[in-house]
Amino acid sequence: MLGPPGAGKGTQAERLHEDFGLLHIATGDILRAEVAADTPLGTEARRYMDAGELVPDEVIVGMITQRISGGDARDGFLLDGFPRNERQADALAEALEQLERRLTAALLIEMPDEALVRRLTGRRMCVKNPTHIYHVEFDPPKHADVCDQDGARLVQRDDDREETIRHRLQVYHAQTEPLIDHYDHAGLLRRFDGNRNANEVHAHIRATVATLRLEEEL
Ligand code: AP5
């Protein structure tokens, strides 16, 4: 899944995981778990994440290569937040070749920057399960600051402050956006309008993935 911070990659990936049973691999969630567990990797990653910078490729590539080689990824997986630059895209292609697998599609959710700032400043996340995502305005929980699904506390991500969000957007435009052309040239790109409500975006992506699945089976 491709798209700027706040476009709805995590929200949609979680729904597609439920629809198609695809393993959801979110680099941001994996890194935040390392930070929470206070591991050496987490300590290193935190400096970059809090500043809105990309964590060094060496750390990320090994982590993802290991994840997609696992047995639970055999029936397909969704990459959310990876690759994020040309070097990571090349490393992914190499890893897939070694596994004798290939990408089915690059799903791009598009959104203008100003709308993204509003999305991210209002985002709240469950402390127990980071895939439970809410928005104070667009998708509020039933009880303020409490997760509907497991009753845990909702928190704001450290990097969802306006200044850091604006820097993350700059990093996206400079380093990740070139991947749109990369996957377009490879004939893999599918575009979705992230400005629509989450159910509409979901219906559109689900229909596309279902068609791609059908084509793979033929
Ligand atoms: P990461 O966690 O991947 O953050 P991101 O890419 O910036 O994306 P977000 O998680 O912020 O947004 P999203 O598109 O998933 O939106 P969401 O569904 O939550 O990365 C964080 C950091 O980790 C990076 O800055 C970097 O430091 C590091 N990192 C991660 N991967 C890396 C890599 N490969 N290489 C190097 N470093 C890496 O939705 C946002 C909000 O909007 C929510 O509140 C949601 O409820 C709401 N919403 C969603 N869809 C809609 C809709 N259609 N309408 C209205 N509201 C909506």
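Rounded, prolate or oblate for the chain? Axes are the square roots of the Cα gyration tensor eigenvalues, ordered a ≥ b ≥ c, and the cut-off for rounded is a/c under 1.5. Let's see the in-between values first.
On the way: a/c = 1.40, a/b = 1.21, b/c = 1.16.
It is rounded, given that a/c, with a ≥ b ≥ c, falls under 1.5.
Compute the distance from the alpha-carbon center of the range 29-98 to that of the range 127-188, in whole Å.
Taking the Cα centre of the range 127-188 as reference, the centre of the range 29-98 is 16 Å away.
Tabulate in residue order the Karplus-calculated ³J(HN,Hα) for the range 135-142, using 6.51 cos²θ - 1.76 cosθ + 1.60 with θ = phi - 60°, rounded to whole Hz; enter x for Gly and Pro.
Calculated HN-Hα couplings, in order: 9, 4, 10, 8, 8, x, x, 5 Hz.
Could you give the size of the charge dipole of the range 123-218 about its Cα centre, using +1 on the Cβ of each K and R and -1 on the Cβ of each D and E, expressed in debye and rounded to the nearest 20? Provide the component values of the computation, followed by the final result.
Working: 14 positive and 18 negative charges, 52 e Å.
So the magnitude is around 260 debye.
What ranking of Asp50, Asp29 comes out by heavy-atom accessible area, probe 1.4 Å, highest first?
Working: Asp50 55, Asp29 35 Å².
From most exposed to least exposed: Asp50, Asp29.
With all protein chains present, calculate the accessible area of Val136 using a 1.4 Å probe and round the result to the nearest 10 Å².
80
Is the range 136-186 best put as rounded, prolate or oblate by its Cα gyration tensor, with a ≥ b ≥ c the root eigenvalues, rounded for a/c under 1.5, and otherwise prolate when a/b is larger than b/c, oblate when not? Each step should come with its number before you reach the end.
Working: a/c = 3.77, a/b = 2.10, b/c = 1.79.
Judged from the Cα gyration tensor, the range 136-186 comes out prolate (a/c at least 1.5, a/b above b/c).
Heads up, I need the accessible area for His135: 1.4 angstrom probe, whole protein in place, Å², nearest 10.
So the heavy atoms of His135 present about 10 Å² to solvent.
Please give the calculated 222 nm ellipticity per residue for the chain, where each DSSP H segment of at least 4 residues contributes -39500 (n - 2.57) and the sum is spread over every residue; nearest 500 deg cm²/dmol? Mind dumping the intermediate values first?
On the way: 9 runs with 106 residues, N = 218.
Rounded to the nearest 500, the figure is -15000 deg cm²/dmol.
Determine how large the accessible area of Arg87 is when every protein chain is in place; take a 1.4 Å probe and give Å² rounded to the nearest 10.
We get 140 Å² for Arg87.
Top mean-square fluctuation among Gly42, Gly28, Gly187, Gaussian network model of the chain, C-alpha springs under 10 Å?
Gly187
Using a probe of 1.4 angstrom, how much of the accessible area of the chain is carbon and sulfur, in percent? Don't skip to the end; give the middle numbers.
Values: 5630 of 11750 Å².
Roughly 48 percent of what the probe reaches on the chain is carbon or sulfur.
Give the long-range amide H neighbours of Phe82: residues separated by 5 or more places, or on another chain, with amide H under 5 Å away, using H modelled in the peptide plane at 1.01 Å from N.
Thr27
Label the range 91-179 by shape, choosing from rounded, prolate and oblate, from the square roots a ≥ b ≥ c of the eigenvalues of the Cα gyration tensor; if a/c is under 1.5 it is rounded, and otherwise prolate applies when a/b is larger than b/c, oblate when it is not.
Numbers: a/c = 2.59, a/b = 1.51, b/c = 1.71.
Because a/c hits 1.5 or more and a/b fails to exceed b/c, the range 91-179 counts as oblate.
How big is the antiparallel share of DSSP beta bridges in the chain, given as a percent to the nearest 5?
40
Sequence gap at least 6, Cα distance under 8 Å: using those rules, report the relative contact order of the chain to the nearest whole percent. Please list the in-between numbers first.
Details: 278 pairs, mean separation 61.9, N = 218.
Contact order relative to length: 28 percent.
Roughly speaking, what is the stretch gain from Arg161 to Asp113, that is 0.36 nm per residue apart minus the C-alpha to C-alpha distance, in nm to one decimal? Each step should come with its number before you reach the end.
Details: separation 48, 0.36 × 48 = 17.28 nm, distance 1.45 nm.
Once the chain is fully extended between Arg161 and Asp113, it gains 15.8 nm.
Compute a Gaussian network model of the chain, connecting alpha carbons closer than 10 Å, and tell me which residue from Ile64, Ile109, Ile30 fluctuates the most.
Residue with maximal mean-square fluctuation among Ile64, Ile109, Ile30: Ile30.
Assigning unit charges at the beta carbon (Lys, Arg +1; Asp, Glu -1) and nothing else, what dipole magnitude in debye, to the nearest 20, does the chain show about its Cα centre?
Values: 27 positive and 40 negative charges, 95 e Å.
My answer is approximately 460 debye.
The values are calculated or read from the model by the stated rules, or taken from the named source; none is laboratory data. Note that the coordinates shown come from a computational prediction; the quantities given were computed from them, not determined experimentally. Virtual Cβ from ideal backbone geometry, glycine too; neighbours counted across all protein chains shown. Keep in mind that these areas ignore ligands, DNA and RNA; they rest on the heavy atoms of the full protein, side chains included. Shrake-Rupley method; radii C 1.70, N 1.55, O 1.52, S 1.80 Å.
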